[in-house]
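Report on the structure given below.
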Amino acid sequence: MTKARFFLYWREQGPMAWCRTGTASASGVAEPAQLAGLVGNTRLIVILPCLHISMHAPRLPTRSERRIREGLPYALEEELACDLEDNHFAFRRMVGKLVHTAVIRRAVLEGYLQRMQTLGLQLGQLIPEACLFAGEEPVIVLQDETFTLMPGITEVFCGPITQVADLVSALTRQPVVWDFRLQTREPLAALEGCRRAVAADSAQQELVQAVVNYAPLQMIDLLQGDYAVAADSLNWQYSRYAAVVAVLISVVGLLTLGLRQDALETRYRDLVAQAEQVYRTTFPQAKQVVDPRAQMQQQVQRLQQAAAARSTDFIGLLANTGEVLQRFGKGRITRLSFDQGRLRVDLRVPAESVIQQLVAALRALHTVTVALEPVRRDKQQSVATVWIQPIQGQESIR
């Protein structure tokens with residue numbers, strides 16, 4: 001890595017680990033008020049924790065970036081907990097038709113950007129930590145109070161550091177551990193025997209090791225779409241010239257088209273209206289139609305995937321666990337779904353102990369592997385998600 005880069009591992013509060021690459025390489029920990037002076041004119045790359053970011057890799061039948069940007073929200077609609085327009089979608093194309101995607105709420109992203117602007121930081125790139133750490137092996141990133149588990153580059157689990165043992169126990173492979181704790185670095189019993197990413201005794205040393213193999217082409221920059229203008233003010237002059245050229249080309253195009261423009265626009269509107277009518281007739285439950293062609297392809301693909309997922313694996317898994325789930329009577333199951341060999345059970349109960357009892361009963365079957373996501377409180381009740389998978393043939397909790 002020859003060009004100077006300033007990497008900053010973002011934290012909500014307190015000091016942050018940083019490192020500078022290039023001829024004047026250095027690393028350290030700094031308070032937020034000191035960062036602008038440290039960064040200077042160096043290109044700033046902020047690594048954002050995945051606490052508020054979800055990672056996905058949908059398969060889209062197009063290589064057009066415009067089509068991908070338009071189709072992503074509908075490809076991930078069923079996986080998101082809030083309205084599509086409340087989310088920001090950033091992506092990069094992977095092998096084949098897979099699209100590596102990061103999703104973050106717009107309000108959360110704008111809060112991050114506002115804080116960075118207040119600190120006088122000029123962003124060059126904003127990337128999720130999963131892009132830097134996740135790989136073929138499971139990865140655990142430790143902060144002072146929280147942990148992030150990445151079984152793969154498209155899966156992220158976050159929670160209080162006190163609950164790290166619950167998810168680690170469900171892994172069939174020992175994870176790689178990155179320790180970015182600034183207040184304490186005492187070893188955790190749940191992670192004994194795990195391989196450390198680097199033999200370091202400080203967060204900044206681990207950050208230096210993490211960015212040694214930094215590959216920009218493999219990263220997802222969150223500063224896309226509506227937020228692209230915040231990416232790099234140094235490119236403003238080039239953007240302005242490009243905009244002027246685009247305007248000139250548009251004017252020439254309008255003069256060339258002349259009277260044919262109205263006829264073409266009318267024909268285009270008629271075709272779009274016909275395509276929308278076909279889509280609404282085929283899928284009457286659709287709430288919003290933006291690109292009928294792309295949305296039709298997504299719906300067909302979703303139906304094909306759903307049909308493929310209906311197999312005897314689901315019946316066998318439900319037969320093994322049905323008796324335990326049927327005895328679950330101190331709360332309610334709000335969702336039950338099956339996908340790619342895994343059964344997802346969403347629970348809402350009066351107390352967390354009830355969830356732990358259910359998990360213990362499932363594990364006692366000795367025929368399935370059970371993973372419990374971090375339990376959260378909602379309206380005086382405990383809410384959690386349990387993942388169940390047959391032991392035979394299992395390679396990870398992914």
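So that you can scan it fast, the table gives a plain yes or no per residue for (1) basic (Lys, Arg); (2) touching a Pro at 6+ places or on another chain (Cβ under 6 Å); (3) closer than 30 Å to Arg66 by Cα; (4) in a loop (DSSP other than H, G, I, E, B):
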{"residue": "Gln183", "(1), (2), (3), (4)": "no, no, no, yes"}
{"residue": "Pro187", "(1), (2), (3), (4)": "no, no, no, yes"}
{"residue": "Gln205", "(1), (2), (3), (4)": "no, no, no, no"}
{"residue": "Val208", "(1), (2), (3), (4)": "no, no, no, no"}
{"residue": "Tyr214", "(1), (2), (3), (4)": "no, no, yes, yes"}
{"residue": "Leu222", "(1), (2), (3), (4)": "no, no, yes, yes"}
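Can you name the condition, by its number, that Arg196 falls short on among (1) open to solvent by 10 Å² or more (accessible area, probe 1.4 Å); (2) within 26 Å of Pro390 (Cα to Cα); (3) without any contact (Cβ under 8 Å) to a residue 40 or more places away in the chain?
Single failed check for Arg196: (2).
Mind listing whichever residues of segment 65-92 are among the basic types (Lys, Arg) and touching a strand residue (DSSP E or B) at 6+ places or on another chain (Cβ under 6 Å)?
The one that is among the basic types (Lys, Arg) and touching a strand residue (DSSP E or B) at 6+ places or on another chain (Cβ under 6 Å): Arg92.
Which numbered condition in (1) over 18 Å from the mean Cα position of the chain (by Cα); (2) modelled with pLDDT of 85 or more; (3) within 26 Å of Thr369 (Cβ to Cβ) is the only one that Ala210 fails?
It fails just one condition, (3).
Just to verify a result, which residue in segment 12-51, among those that are under 26 Å from the mean Cα position of the chain (by Cα) and in a loop (DSSP other than H, G, I, E, B), is surrounded by the fewest Cβ atoms within 10 Å (Cβ to Cβ)?
Taking the candidates together, the pick is Gln13.
From the residues in segment 52-74 that are open to solvent by 70 Å² or more (accessible area, probe 1.4 Å) and in contact with a helix residue (DSSP H, G or I) (Cβ under 9 Å, 6 or more places away or on another chain), which one is farthest from Val108 (Cα to Cα)?
The selected residue is Arg59.
Those residues that are touching a residue at least 60 places away in the same chain (Cβ under 8 Å) and open to solvent by 70 Å² or more (accessible area, probe 1.4 Å), I need them from segment 1-11; list them, please.
Correct list: Met1 only.
Filter segment 76-112 down to residues that are modelled with pLDDT of 90 or more and among the small types (Gly, Ala, Ser) and give me whichever is farthest from Gln298 (Cα to Cα).
Only one residue tops the list, namely Gly111.
Checking the condition of a type in the set (Ser, Thr, Tyr) and either touching a residue at least 12 places away in the same chain (Cβ under 8 Å) or buried (at least 16 other Cβ atoms within 10 Å of the Cβ) (or both), which residue from Thr146, Thr118 passes?
Thr146
Please list, ordered by residue number, the helices (runs of 4 or more DSSP H) wholly in segment 235-318 having 3 or more residues that are of a type in the set (A, V, I, L, M, F, W, C), over 26 Å from Val99 (Cβ atoms) and modelled with pLDDT under 75.
Those helices (runs of 4 or more DSSP H) span 236-257.
The values are calculated or read from the model by the stated rules, or taken from the named source; none is laboratory data. As the structure is a computational prediction, the values presented were derived from the model and not from experiment. Cβ: placed from backbone, ideal geometry, glycine included. Neighbour counts: every protein chain shown. To get the accessible areas, we keep the full protein, side chains included, count just its heavy atoms, and leave off ligands, DNA and RNA. Shrake-Rupley method; radii C 1.70, N 1.55, O 1.52, S 1.80 Å.
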